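Bear in mind that the values in this text are calculations on the coordinates, not laboratory data. Predicted model only: the values in this text are computed from it and were never measured. Please note: Cβ atoms are built from the backbone with ideal geometry, for glycine as well, and neighbour counts cover all protein chains shown.
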Amino acid sequence: MLTTKQLQDIKELQKICENHERINLKLNWDMLKKRQNDQDDFLLYRKNILVGFLGLYGFGDSFELCGMIHPDFRRHHLFQELFQQALQSIQSRPVNKLLLNVPGSSVSGKGFISWTKASYDFTEYEMKWNKINLVLSSDPVSLRTAGEQDIKTIIDLDEKCFNVVRTDAESYTKRLFDESPEGNLMIISDEKTVGKIRVQRTEKKSSIYGFAIFPSFQGKGIGRKALSQVVMQESNWTDDIYLDVAATNSKALKLYESSGFQSFYSQEYYQYPIR
């Protein structure tokens, strides 16, 4: 478990690194704040100042990795040291996939990737809502808070819509309900549960992710109506509404753009061979 001081140190280092390269690091703060062990976070201090951080984020048998080094302490192979520690940490765990997450415009991040044997996997775009007026339809599409009885449906949606390995979807969903069940919404159309969407509120901003509609119900306007409801609901609380979409999901990208979302930065993922 990370201490309050460690979390503050990570946040301060993140600001320094982001300002230096004009990037956005995806450190998954919702997970960092709820760590249950010490084997997923690697911190490097120099004279009581945090100069390096690397975090592992587990989603079942798949892991993502993201980190940073203070600009004044680069070119000393410090991130490589943290990376080796992380690799040692997962050797004893059932890891089937390891993705390295790098901001799309990060020169230092791309330099690190070139040092590894990782290969490009996909790009994810962060989008922000431009505060356009969305018309709420009177058609029977509604939202309700998800309960434990919906866990299997959520797992089915992740598997069918995002091609997530089922065991990974099971592990992640169950942990999500254990740590932060609030914000998980089910999408209802004609009294049938047809999809899901998750909303997380942090520091006066709303983040939308895990948005999925069963394939047999896609193309009927259900997703657009559900998204409009969520966005208008969140707009009563904040003007800063964000969501992520993979570049390969062109249909979702067009839906988000037509709903007022615009891409403003990207995250690139590289798969590292762990075997």
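Helix content alone sets the calculated 222 nm mean residue ellipticity of the chain: runs of n ≥ 4 DSSP H residues at -39500 (n - 2.57) each, divided across all residues, give -10500 deg cm²/dmol.
In degrees from 0 to 90, rounded to the nearest 10, what is the angle of the helix 78-90 Cα long axis to the longest principal axis of the chain? Rounded to the nearest ten degrees, it is 60. Checking the cross-link filter: which lysines have an alpha carbon closer than 16 Å to that of residue 205, excluding same-chain neighbours under 8 positions apart? Leaving aside lysines fewer than 8 places away in the same chain, those within reach of residue 205 are 26, 128, 131.
Only counting other Cβ atoms within 10 Å, I'd like 237, 129 sorted with the fewest neighbours first.
Working: 237 13, 129 22.
Lowest to highest Cβ neighbour count: 237, 129.
To the nearest Å, what is the center-to-center distance of the stretch 107-169 and the stretch 189-231, using C-alpha atoms only? About 11 Å separates the Cα centre of the stretch 107-169 from the one of the stretch 189-231. For the stretch 4-124, the gyration tensor built on C-alpha atoms gives a rounded shape. Its axis ratio a/c (a ≥ b ≥ c) stays under 1.5.
When mean projected area of the Cα convex hull in nm² is calculated for this entry, the matching label among (1) 16.9; (2) 14.7; (3) 18.6 is (2). Computed from Cα positions, the angle between helix 166-179 and the longest principal axis of the chain comes to roughly 90 degrees. The stretch 236-257 and the stretch 7-69 have Cα centres separated by 25 Å.
In sequence order, the stretch 225-232 has phi-based couplings of 5, 5, 4, 4, 4, 5, 5, 5 Hz under the Karplus curve 6.51 cos²θ - 1.76 cosθ + 1.60, θ = phi - 60°, and Gly or Pro positions carry x. Can you tell which of 19, 37, 48 lies farthest toward the positive end of the dipole of the chain, using +1 and -1 charges on the Cβ of basic and acidic side chains (Lys, Arg; Asp, Glu)? Towards the positive end, the residue furthest out is 19.
About the Cα centre of the chain, how large is the charge dipole given +1 on each Lys and Arg Cβ and -1 on each Asp and Glu Cβ? Please answer in debye to the nearest 20. Please report the intermediate quantities before stating the final value.
On the way: 36 positive and 35 negative charges, 73 e Å.
Magnitude of the dipole: close to 360 debye.
Phi angles across the stretch 57-66 convert, under the Karplus curve 6.51 cos²θ - 1.76 cosθ + 1.60 with θ = phi - 60°, into 3J(HN,Hα) values of 10, x, 10, x, 8, 10, 10, 10, 10, 8 Hz, Gly and Pro given as x.
List, in the order given, every pair from 11/160; 117/152; 15/47; 33/254 whose Cα-Cα distance in the structure shown is over 30 Å.
Numbers: 11/160 35 Å; 117/152 36 Å; 15/47 19 Å; 33/254 33 Å.
Result: 11/160; 117/152; 33/254 exceed 30 Å.
Applied to the stretch 151-159, the Karplus parametrisation 6.51 cos²θ - 1.76 cosθ + 1.60 on θ = phi - 60° returns per-residue 3J(HN,Hα) values of 4, 4, 5, 4, 4, 4, 5, 4, 5 Hz, with x for Gly and Pro. Note on residue 110: aspartates and glutamates with a C-alpha under 19 Å away, same-chain residues under 8 apart excluded, are 18, 21, 64, 72, 81, 121, 124, 126, 268. Within straight-line reach of residue 225, meaning a Cα separation under 17 Å, sit the following aspartates and glutamates at least 8 residues removed in sequence or on another chain: 139, 190, 191, 234, 257.
In the stretch 55-195, taking the dipole from charged Cβ atoms about the Cα centre, the farthest positive-side position among 140, 58, 120 is held by 120. Once the convex hull of all Cα atoms in the stretch 131-259 is built, its volume per residue stands at 111 Å³. Think of the stretch 135-275 as a dipole: +1 on every Lys or Arg Cβ, -1 on every Asp or Glu Cβ, centred on the Cα centre; then among 267, 162, 233, 162 lies furthest on the positive end.
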